[in-house]
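Quick notes on the structure that follows.
Nothing in this text is a laboratory measurement; each read-out follows from the coordinates by a stated rule. Fair warning: this is a prediction, and the values are worked out from it, not measured in the lab. Ideal geometry is used to build each Cβ from the backbone, glycine not excepted, and the neighbour counts take in all protein chains shown.
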Amino acid sequence: MLNEKTIATIKATAPVLAEHGETLTRHFYERMFVHNPEVAPYFNPAHQTAGKQQRALAGAIVAYANNIENLEVLSGAVELIAQKHASLLIKPEHYPIVGGNLLASIREVLGDAATDDILNAWAEAYGLLANILMKREAEIYSDNAKKPGGWEGFKTFRVVRKEKESNNITSFYLAPANGAPLAPFKAGQYITVRLPTLNGQTTMRNYSLSDSPNQDWYRISVKREQGMTAGTPEGYVSNLLHNSVEVGAEIEIAPPCGEFFFDADKDDGAQPLVLLAGGVGITPIMSIFKAALEVRPERKIILIHACLNEGVQPFQSTFDALTKVYKNVTVHYRYSDPATSGSQRTGNASTGFVDAAYLDSVLPDQDARFYFCGPQPFMVNVYGILTAREIPEDNLQFEFFGPREALEAA
């Protein structure tokens, strides 16, 4: 535990860090990649270029400072970070690298304001958080290795099937190359793919598992990421998978991880299940959808998939087929682009955004359990609508793609 002086010092620095947080974290990453280039493969360059990683870290530092007296408040954030670290194989030897560069960055950015007392307090606070994370990550590594078919580290898988799902999303079906049993996972979790880079190193990406757990494969459904704005690179791994990885290819996979999942043991099925997805956020939602049906085929399920248009929409044929089998399942498609000339959207397909009025029209019952996933604007909007309806927090499960961003609207 931290002493009172350290706690007081950390809390006193919170406003300064809130003001200069993003400047600090940008400096931190730049510094670390220069002084410790060996950690670069653990980070997504696109998130760095867009500033997402920097903003996420800045928010996490401020939250830690503000809640230093009551770290239980941050238990959810700690679990998210620990799962992400375990998915990337972050180990105890990495923590001194991060800590050393973070403390040096505080001194270099804040200058004379970063007194020895402040730096010593943050060194102590960082050590406490590092120990909490390392303990939890060790548990995750151990649990993954003990599962039937489980392992630690990276394992070679073979692509046994490749299937185009839409204009920009392709599914890859993966099985252990050595024919070993497939380790179980929880619907909604993700795996890490590690691929070689042009400079002879490797890079890693997390991809949600998009099929139900009871299969003979892991399936990931990968969106081809294009550089949408000047200075934003296209997705290296997603384009490599789409263009160069064919059936029979072998790739390295880390065990399933993630704190966003459907927990059948804690969900008695008494309430309807509402699943909301924005764009490629449908991938973990598809896994949850299938798993929930397998556990309780009679349960009322409402799924809403928001996307740009029919051309980039995956899994529509699967959802349509399942609604014919399960009369308790309702699926809605919401497109933000106008319909193409000569086509109409009727029945469960409509044009517009997932706003409060739309949800009022398709969700007759607020007493439900909600799972939602998608890009930040979608998440901010959905979270705001549901909390305004006073849906209990325990009934809201959600996940962002990429670094977690604030749910509160700006």
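So how many Lys-Lys pairs in the range 4-146 land under 18 Å Cα to Cα, not counting same-chain pairs under 8 apart?
Details: Lys52/Lys84; Lys84/Lys135; Lys91/Lys135; Lys135/Lys146.
The result is 4.
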Query raised in the report: Between Gln215 and Ser350, what is the spin-label point distance in nm, taking each point 7 Å from the Cα along the Cα→C-beta axis?
Result: 3.1 nm
Query - Helix axis angle, 116-146 relative to the chain longest principal axis, alpha carbon, degrees - result: 40 degrees
Query raised in the report: How high is the relative contact order of the chain, given as a whole-number percent (alpha carbon pairs under 8 Å, six or more residues apart)?
Result: 14 percent
Query raised in the report: Helix 75-87 versus the longest principal axis of the chain: what angle, 0 to 90°, nearest 10, using Cα atoms?
Result: 80 degrees
Query raised in the report: For the pair Lys146 and Glu298, what calculated FRET efficiency results from E = 1/(1 + (r/R0)^6), where r is the Cβ-Cβ distance and R0 = 41 Å, to the nearest 0.05?
Result: 0.75
Requested in this report: Filter the GluC sites (Glu not before Pro) in the range 290-345 down to the DSSP loop ones having no more than 16 other Cβ atoms within 10 Å, then list what survives.
Outcome: Glu298
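Using a ≥ b ≥ c from the Cα gyration tensor of the range 4-146 (square roots of the eigenvalues), is it rounded, prolate or oblate, where a/c under 1.5 gives rounded and otherwise the larger of a/b and b/c decides, a/b for prolate? Numbers along the way, then the final one.
Numbers: a/c = 1.73, a/b = 1.22, b/c = 1.41.
Taking the square roots of the gyration eigenvalues as a ≥ b ≥ c, the range 4-146 is oblate.
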Report task. List the longest stretch of the chain that has no exposed loop site; here a site is one of the trypsin sites (Lys or Arg not before Pro) assigned by DSSP to anything other than H, G, I, E or B, with at most 11 other Cβ within 10 Å. Result -> 1-265
Query raised in the report: For the range 380-386, what does the Karplus curve 6.51 cos²θ - 1.76 cosθ + 1.60, with θ = phi - 60°, yield as ³J(HN,Hα) per residue in whole Hz, taken in order and with x for Gly and Pro?
Result: 4, 5, 5, 4, x, 5, 5
Query raised in the report: Where does helix 316-325 land angle-wise versus the long Cα axis of the chain, in degrees 0 to 90, nearest 10?
Result: 60 degrees
Query raised in the report: Taking the Cα-to-Cβ direction at Asp117 and at Leu198 and moving 7 Å from each Cα, how far apart do the two end points lie in nm?
Result: 5.2 nm
Query raised in the report: Roughly how many Å is it from the Cα centre of the range 60-95 to that of the range 116-148, as a whole number?
Result: 8 Å
Report summary line: Once the in-chain neighbours fewer than 8 apart are removed, the lysines whose Cα is under 19 Å from Lys327 read Lys290, Lys300
